[in-house]
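Before any comments, here is the structure.
Computed from the coordinates by the stated procedures, all read-outs in this text should not be read as laboratory data. Every value quoted in this text rests on a predicted model; they were computed, and no experiment measured them. Every residue, glycine as well, gets a Cβ built from its backbone with ideal geometry; the counts of neighbours run over all protein chains shown.
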Amino acid sequence: MEKKKETIIKPAERAFVENYISPESDTYNNGTKSAMAAYNNDNYNSSAVQASDLLKKPKIQNLIREMTEKAGIGIQDRVDILATIARGKAVKLTKMVTKDKNNEIKSTTLVKNQPSCKDRINAIDVINKMDSTYTNAEAITRIAEDEYRSIQSDLFDTKHQSGEKT
């Protein structure tokens, strides 16, 4: 009987997960803010503790997994996206608007931006957290050194191809 009680998802827990995993939510990927919204709690510190406790529960972890898979943003999808960013292959389009002195639009251009080094390192960090790489200190050091060399090499190649001095 106690087992069954542990797997029942309460409405506030479901709301927490929906807020936490929905990219359209203002609380997306932020446990504290998701808890504040789901539990109608304005206390940041208690919501941070509540979010931490919720994210440790197997039933919440399972619900997150189920809902992200159903939404087409499962683990492998996220790893693929993060790997694309980490490799510097993702492209972000930014709309550049040029105005004349009367503040009227003169032209618009779409500019392709590749991920910054910070974006790439953050993507690697998230992947490492997802696959528990951080549980092995030797692996962390080895992987970080390999990734650092790879990023340095990519940056050197990019500068070299564009004719910049190194």
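Annotation: peptides 103-113, 42-52, ranked by per-residue average of other Cβ atoms within 10 Å with the highest first, follow the order 42-52, 103-113. Which links in Lys89/Lys118; Lys70/Lys112; Lys89/Lys112 stretch past 22 Å when you go from one Cα to the other? Check vs 22 Å cut-off fails for Lys70/Lys112.
Once you have a ≥ b ≥ c as the square roots of the Cα gyration tensor eigenvalues for the range 2-72, tell me rounded if a/c is under 1.5, and otherwise prolate or oblate according to whether a/b is larger than b/c. Because a/c hits 1.5 or more and a/b fails to exceed b/c, the range 2-72 counts as oblate. When you filter the GluC sites (Glu not before Pro) in the range 1-89 for DSSP loop state and at most 10 other Cβ atoms inside 10 Å of their Cβ, you are left with Glu24. Put one equal scatterer on each alpha carbon of the range 52-116, apply the Debye formula with no solvent term, and list log10 I(q)/I(0) at q = 0.27 1/Å to two decimals. Ignoring solvent entirely, the Cα scatterers give -1.03.
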